[in-house]
Amino acid sequence: MLKGSMVAIVTPFRDGKVDEAALGELIDWHIASGTDAIVPCGTTGESATLTYEEHDHVIEYTIRKVAGRVPVIAGTGSNSTDETIALTKHAKDAGADAALLITPYYNKPTQEGLYRHYKAVADAVGIPIVMYNVPGRTSVNMLPSTVARCAHIENIVGIKEATANLQQISEIIELCEGKLDVYSGDDFTVLPTLAIGGMGVISVSANCAPADMAGLCDSYFAGNLEESRRYHYRMQPLNQAMFFETNPIPVKTALGMMGRINPELRLPLCPMSEGNTEKLRNVLKAYGLI
């Protein structure tokens, strides 16, 4: 079972190339800090600007580096079903434990189209699949009724819900009747999502504070709601700071300030504005990260 704090890990770059050394150090830090799964090549991993070769390489490297210590959930979604199948087949062959598939973006498929997309991938590749609903980036919202249809497909095991809509999340959990797990895709909704039946988070903030996000999830599942609440409120300023500008600009800037990576981005993403950089620095100082 995929459960707890799962990091949507950044892809470090140096001089225009993937920085393997920095990525490897991040992976070791996360595992030592209690992160429950590593998710490479998601939105936070700048998958949209990776070449096919880089995308495959980052997944392969992550699997080798993790070496079975925690699950690896490979981001393999695309707005083309055929391309998604190809990326997902590669991830399975490389040894990924599961695949994270974003709803097709730009095309704006109907609910029937979404169902057929996920069914086609699930039928073609025998790997556990976590769907990913993030309407703010894709311009299409996968409705609870559609999620419930997909829940009957054997190897579709979960959904990352980044709608920040607890009513929708609640409806999904109710309609699916335990056939798939629901994960928060918005760090500020982790605790509420767990409280209504969610099984964890695929997190941006965990990039900077892995032990705290793991602590939030672990304390909740251990039945210590008071401690989980403390983590929730401690992390709220950091959760907000991660979206001062478009993700992953703030998180890579923060990791750069923390000395963890070179905070290099790829166009069309660009360095953070001076004003927001200073605001972010103040949040990290107050949090004790720098």
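Checking every one of the GluC sites (Glu not before Pro) in segment 155-187 against DSSP loop status and a limit of 13 other Cβ atoms within 10 Å picks out Glu177. Positive-end ranking of Leu114, Cys150, Leu216 along the dipole of segment 111-221, with charges on Cβ about the Cα centre, is headed by Leu114.
Summing +1 for each Lys or Arg and -1 for each Asp or Glu, what net charge is found among the other residues whose Cβ lies under 14 Å from the Cβ of Cys270?
Numbers: positive: Lys252, Arg266; negative: Glu46, Glu245, Glu264, Glu274.
Residues close to Cys270 contribute a combined charge of -2.
Excluding same-chain residues fewer than 8 positions from Lys252, which lysines have a Cα within less than 26 Å of its Cα? List returned: Lys3, Lys17, Lys65, Lys160, Lys279, Lys285.
Helix-derived [θ] at 222 nm for the chain: sum -39500 (n - 2.57) over DSSP H runs of at least 4, divide by residue count, nearest 500?
Values: 12 runs with 137 residues, N = 290.
One gets -14500 deg cm²/dmol as the mean residue ellipticity at 222 nm.
Taking the Cα centre of segment 57-106 as reference, the dipole from Cβ charges on Lys and Arg (+1) and Asp and Glu (-1) amounts to some 240 debye.
Using the crude model of +1 on Lys and Arg Cβ and -1 on Asp and Glu Cβ, and no other charge, please compute the dipole size for the chain relative to its Cα centre, in debye to 20. Intermediate results must be reported in sequence, preceding the final value.
Working: 24 positive and 33 negative charges, 61 e Å.
Here the chain has a charge dipole of around 300 debye.
For segment 196-290, the Cβ-based charge dipole about the Cα centre amounts to some 120 debye (Lys, Arg positive; Asp, Glu negative; other atoms uncharged). Rounded, prolate or oblate: which fits segment 4-224, taking a ≥ b ≥ c as square roots of the Cα gyration tensor eigenvalues, rounded meaning a/c under 1.5, else prolate when a/b beats b/c? Here segment 4-224 falls in the oblate category. The slack between Asn79 and Lys285, meaning 0.36 nm per residue of separation minus the straight C-alpha distance, is 70.2 nm. Multiplying the residue separation of Glu112 and Arg234 by 0.36 nm and removing their Cα-Cα distance gives an extension gain of 39.8 nm. Averaging Cα coordinates gives a centre for segment 85-149 and one for segment 177-240; these two points are 23 Å apart. Normalised by the number of residues in segment 4-224, the mean separation of alpha-carbon contacts (under 8 Å, six or more apart) gives a relative contact order of 21 percent.
In segment 4-224, taking the dipole from charged Cβ atoms about the Cα centre, the farthest positive-side position among Gly42, Ile196, His55 is held by Ile196.
Looking at the chain alone, DSSP beta bridges between its own residues are antiparallel in about 5 percent of cases. Let a ≥ b ≥ c be the square roots of the eigenvalues of the Cα gyration tensor of segment 171-227; is it rounded (a/c under 1.5), or, if not, prolate (a/b larger than b/c) or oblate? Oblate is the answer for segment 171-227, as a/c is 1.5 or above yet b/c matches or exceeds a/b. Length gained on full extension, Met1 to Asp123, computed as 0.36 nm times the residue gap minus the Cα-Cα distance: 41.9 nm.
The distance between label points at Ala32 and Arg137 comes to 2.9 nm (points 7 Å beyond Cα on the Cα→Cβ vector).
Here, each number is a calculation from the coordinates, and none is a lab measurement. A quick note: this is a predicted structure, and the numbers were derived from the prediction, not measured. All Cβ positions, glycine included, derive from the backbone under ideal geometry; neighbour counts span all protein chains shown.
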